[in-house]
Amino acid sequence: MNTDRSTAQEVPAPQDTPGPQDVRGPLGQDDIAALVARDIPHGSFVNLGIGRPTSVADHLPAGSGVVLHTENGMLNMGPAARGDAVDPDLTNAGKIPVTELPGSAYFHHADSFAMMRGGHLDVCVLGAFQVSAAGDLANWHTGAPDAIPAVGGAMDLAIGAKKVFVMMTLFTRTGAPKLVPRCTYPLTGQGCADRVYTDHAVFDVTPEGVVVRETFGTSVDELAGRLDLPLLPLGG
């Protein structure tokens, strides 16, 4: 929840989007990515983590002023490249072909990590296996014997960015919650997650508790019955 870090612009409240009663859930990945893109403040410097978060680039509107940073050494990255626009030498940190926008710059990955660790990013968007009610983030290892650990630059992003948005499904394939009282997987960062975007709802992690900003095809009461933690309504 990053209470010791500040950013020049507050994340806006949802505007001009359907209310909970108007949206049938659960949402798909592109719908979640569009919500994240909507909430990134104009002119922000942003890193999109490997996996689901990379799709946010495809939903940033023209004129957003958002500058995308990649840990493998690119600034002002554009949306994913398709067809004839694919350049095998131009990829993001997840090895996905991307486009470049006017003014793009390239640099050594050590310089890229210095940007991440130096507090120069306004927002990072990360995937997660679990997020706790205290904003702890676990996204690099499930602890399973056959799992392949993949921490990458997530630890640097989690502590270096001014705001951390998490993008994930709210439940596992077996129905277990991924928003939990305490993480049971190895942590990426402590108290770092500010907002959690899921297929069922958007949550804010605050010192007062977990606040439900929006729901999709469900209600706060229904979510409270499936999650093992107290939920607060927005403004309540």
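Scanning the stretch 143-174 for residues that are assigned to a loop (DSSP other than H, G, I, E, B) and touching a strand residue (DSSP E or B) at 6+ places or on another chain (Cβ under 9 Å), which turns out nearest to V36 (Cα to Cα)? Don't jump to the end; show me each part of the working.
The initial filter retains those residues of the stretch 143-174 that are assigned to a loop (DSSP other than H, G, I, E, B), namely 143-153, 161-162, 168-170, 172-174.
From what is left, the residues that are touching a strand residue (DSSP E or B) at 6+ places or on another chain (Cβ under 9 Å) are 153, 161-162, 168, 170.
On the way: G153: 20, A161: 16, K162: 16, M168: 11, L170: 15 Å.
Ranking the qualifying residues of the stretch 143-174, first place goes to M168.
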Anything in the stretch 86-111 that is touching a residue at least 12 places away in the same chain (Cβ under 8 Å) and of a type in the set (V, I, T)? List them, or say none. T91, I96, V98, T99
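Among the residues that make up the stretch 40-48, is at least one of them surrounded by fewer than 14 Cβ atoms within 10 Å (Cβ to Cβ) and either at pLDDT below 95 or assigned to a loop (DSSP other than H, G, I, E, B) (or both)?
Step one: filter the stretch 40-48 for residues surrounded by fewer than 14 Cβ atoms within 10 Å (Cβ to Cβ), giving 42-43.
If we keep only those that are either at pLDDT below 95 or assigned to a loop (DSSP other than H, G, I, E, B) (or both) too, we end up with 42-43.
Yes, because at least one residue in the stretch 40-48 is surrounded by fewer than 14 Cβ atoms within 10 Å (Cβ to Cβ) and either at pLDDT below 95 or assigned to a loop (DSSP other than H, G, I, E, B) (or both).
Taking the stretch 49-71 on its own, how many of its residues are farther than 17 Å from A128 by Cβ, not in a helix (DSSP H, G or I) and not β-branched (V, I, T)?
First pass over the stretch 49-71, keeping only residues farther than 17 Å from A128 by Cβ: 57-71.
Right, trim to not in a helix (DSSP H, G or I) and you get 60-71.
Restricting the remaining residues to those that are not β-branched (V, I, T) gives 60-65, 68-69, 71.
So the count comes out to 9.
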When the residues of the stretch 172-210 are narrowed to those that are open to solvent by 20 Å² or more (accessible area, probe 1.4 Å) and of a type in the set (A, V, I, L, M, F, W, C), which ends up farthest from the chain's Cα centre (by Cα)? A176
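In contact with a Lys or Arg (Cβ under 7 Å, 6 or more places away or on another chain) and farther than 14 Å from F165 by Cα: which single residue out of G217, G209 fits that description? Spell out the reasoning first.
Values: G209 fails: in contact with a Lys or Arg (Cβ under 7 Å, 6 or more places away or on another chain).
None of the other options fit; the residue is G217.
Would you mention how many residues in the stretch 130-146 are modelled with pLDDT of 95 or more and open to solvent by 20 Å² or more (accessible area, probe 1.4 Å)?
Initially, the stretch 130-146 is screened for residues modelled with pLDDT of 95 or more, giving 130-138.
With open to solvent by 20 Å² or more (accessible area, probe 1.4 Å) added as a condition, the list becomes 133-134, 136.
Residues in the stretch 130-146 being modelled with pLDDT of 95 or more and open to solvent by 20 Å² or more (accessible area, probe 1.4 Å): 3 in total.
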Which condition number in (1) open to solvent by less than 30 Å² (accessible area, probe 1.4 Å); (2) without any contact (Cβ under 8 Å) to a residue 12 or more places away in the chain is the one that V123 fails? (2)
Which numbered condition in (1) over 14 Å from the mean Cα position of the chain (by Cα); (2) surrounded by fewer than 19 Cβ atoms within 10 Å (Cβ to Cβ) is the only one that D156 fails? (2)
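The values are calculated or read from the model by the stated rules, or taken from the named source; none is laboratory data. On a predicted model such as this, the values are computed, not experimentally measured, just so you know. Quick reminder, even Gly has a Cβ in these numbers, built from the backbone with ideal geometry, and neighbours come from all protein chains shown. Protein only, heavy atoms only, side chains kept; ligands, DNA and RNA dropped before computing areas. Shrake-Rupley method; radii C 1.70, N 1.55, O 1.52, S 1.80 Å.
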